[in-house]
1. Assess whether V32 counts as being β-branched (V, I, T), modelled with pLDDT of 95 or more and assigned to a loop (DSSP other than H, G, I, E, B).
2. Where residues in the stretch 93-137 are among the small types (G, A, S) and loosely packed, with under 15 Cβ neighbours inside 10 Å, which of them is modelled with the lowest pLDDT?
3. Take the residues of the stretch 49-81 that are touching a residue at least 40 places away in the same chain (Cβ under 8 Å) and farther than 15 Å from F169 by Cα: which is surrounded by the most Cβ atoms within 10 Å (Cβ to Cβ)?
4. Among the numbered criteria (1) farther than 25 Å from I119 by Cβ; (2) touching a Lys or Arg at 6+ places or on another chain (Cβ under 7 Å), which single criterion is violated by L236?
5. Take the residues of the stretch 221-245 that are part of a loop (DSSP other than H, G, I, E, B) and closer than 30 Å to I140 by Cβ: which is farthest from the chain's Cα centre (by Cα)?
6. From the set of residues in the stretch 8-48 that are small (G, A, S) and surrounded by 18 or more Cβ atoms within 10 Å (Cβ to Cβ), which is nearest to D120 (Cα to Cα)?
7. Name every residue in the stretch 101-123 that is within 15 Å of the chain's Cα centre (by Cα) and over 11 Å from F6 (Cβ atoms), in order of residue number.
8. For D141, work out the one condition from (1) buried (at least 17 other Cβ atoms within 10 Å of the Cβ); (2) part of a strand (DSSP E or B) it doesn't fulfil.
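The values are calculated or read from the model by the stated rules, or taken from the named source; none is laboratory data. Because the structure is predicted, anything quoted here is derived from the model rather than measured. Positions of Cβ are backbone-derived with ideal geometry, glycine not excepted, and every protein chain shown enters the neighbour counts.
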Amino acid sequence: MTSKPFRVFVITSDKYLDTLRPFAWLFNRYWVPSPDVVVCGFASPTFKLPPNFSFVSMGNQADYPINKWTDAVIEFVTAQPDDVFALMLEDMWLTRHVDSRAVTILADYMHQFEYVCRIDLTGDRLYAHGMQAYGHVEHIDLIKSMPGSPYHLSMMPGLWRKKHLLATFQRGWTPWDVELAGTTVLSHNQAVIVLGTRQWPVRILLAHRSGDAGRLMLEGLDNELDRADVEALRELGYLKRWEEV
């Protein structure tokens, strides 16, 4: 079967816009070959993004307060032609080389099986309470997230099918509502499933833990940022904003 190309959608806001520079540098360093990335935000960045990145402005952020976060995401995703895409937030920085072959295989799997709503690309579903083995595809061991398990709908990096995301996300939700209220909505939809893998093809660091845009968290569990990467980002001036705080 010929692999279908997929794009990565990244959601950001004016408050976190500067986070895109280190995000993009680490993304292209560790995701090889690098897929096309479309950033959904509001104010356009004042710095240049890499050639494989494009930016879509949803207008004035004041029109999308935090309790209308999903309104912007829904409108953005609706306007895109992609049936299957990867979804990330701008503070999810890659820390290790992505198993790009595995991600492509999983994207093809989603194209083949339309009842798959989402495939987690991290260890989020692997370590969630309640999961079942779900066979394998090539070298990848699949696991099934059980409906009702904590964060059955997670915003950790994952592949999504457009129609299922739009059927699950509701207008008037905050980012936290997506994972909490969204888990309830998705858990009651018995027509779709959420999968993960034992292989953990994508490893990330949550650079702004607890939503603190003024502080970086460059270490954490097994996903700490390599010291050489920190120094390279520092030399580029990409960490200057936070180091001057």
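1. Numbers: β-branched (V, I, T): yes; modelled with pLDDT of 95 or more: yes; assigned to a loop (DSSP other than H, G, I, E, B): yes.
It is true that V32 is β-branched (V, I, T), modelled with pLDDT of 95 or more and assigned to a loop (DSSP other than H, G, I, E, B).
2. Of all residues in the stretch 93-137, those among the small types (G, A, S) come to 100, 102, 107, 123, 128, 130, 133, 135.
In the following step, the residues that additionally are loosely packed, with under 15 Cβ neighbours inside 10 Å were identified as 130, 133, 135.
Numbers: G130: 75, A133: 94, G135: 95.
That would be G130.
3. For the stretch 49-81, the residue satisfying everything is Q61.
4. (2)
5. Narrowing the stretch 221-245 to residues part of a loop (DSSP other than H, G, I, E, B): 221-226, 237-239, 244-245.
From the residues that got through so far, the ones that are closer than 30 Å to I140 by Cβ too are 221-226.
Values: L221: 19, D222: 18, N223: 16, E224: 18, L225: 18, D226: 20 Å.
Per the criteria, the residue is D226.
6. Filtering the stretch 8-48 down to residues small (G, A, S) leaves 13, 24, 34, 41, 43-44.
Pick out the ones that are also surrounded by 18 or more Cβ atoms within 10 Å (Cβ to Cβ) and you get 13, 24, 34, 41.
Values: S13: 23, A24: 21, S34: 19, G41: 23 Å.
Checked the stretch 8-48; the qualifying residue nearest to D120 (Cα to Cα) is S34.
7. The answer is C117, R118, I119, D120, L121, T122, G123.
8. (1)
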